[in-house]
Amino acid sequence: VNYGLNKVRFTNPVRAGGRVRLSAALKSYEKLPEDGVQLTVDGTIELEGSDRPAVIVEAIYRLFE
């Protein structure tokens, strides 16, 4: 389940036809009641040919069995 976003920064526009790449890293892992876990993931969407990323995000996901 995509639980939400803590932080989102749009730092650079992406022009039509622009090539992007997402890199992500697990920031934290928490156990939840009833066999669930919450993951916080730091993500960066990079824009080809630019020194600045297009988006920086901290996303939260919940998984249940």
So how do F10, F64 rank on accessible area, 1.4 Å probe, biggest first, that is with the largest at the start?
-> F10, F64
Projecting the Cα atoms of N12, P33, I60 onto the charge dipole of the chain, where Lys and Arg contribute +1 and Asp and Glu -1 at Cβ, the residue farthest towards the positive end is N12
Sum up the charges of everything whose Cβ sits under 12 Å from the Cβ of R21, counting Lys and Arg as +1 and Asp and Glu as -1, but leave R21 out.
-> -1
The chain, Gaussian network, Cα under 10 Å: of V20, V55, V41, the residue fluctuating most is V20
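How about segment 1-57: which trypsin sites (Lys or Arg not before Pro) there are in a DSSP loop, with at most 13 other Cβ atoms within 10 Å of their Cβ? Let's see the in-between values first.
Numbers: sites: K7, R9, R15, R19, R21, K27, K31; in loops: R15, R19.
Passing sites in segment 1-57 are R15, R19.
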Of the heavy-atom accessible surface of the chain (probe 1.4 angstrom), what whole percent is carbon and sulfur?
-> 52 percent
So, with points 7 Å from each Cα along the Cβ direction, the E34-E65 label distance in nm works out to 1.5 nm
Might you tell me the accessible area per residue for the chain, computed with a 1.4 Å probe and given in Å²?
-> 78 Å²
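The values are calculated or read from the model by the stated rules, or taken from the named source; none is laboratory data. Given the structure is predicted, the values throughout are model-derived calculations rather than measurements. Please note: Cβ atoms are built from the backbone with ideal geometry, for glycine as well, and neighbour counts cover all protein chains shown. Heads up: the accessible areas ignore ligands, DNA and RNA and are worked out on the full protein's heavy atoms, side chains in. Shrake-Rupley method; radii C 1.70, N 1.55, O 1.52, S 1.80 Å.
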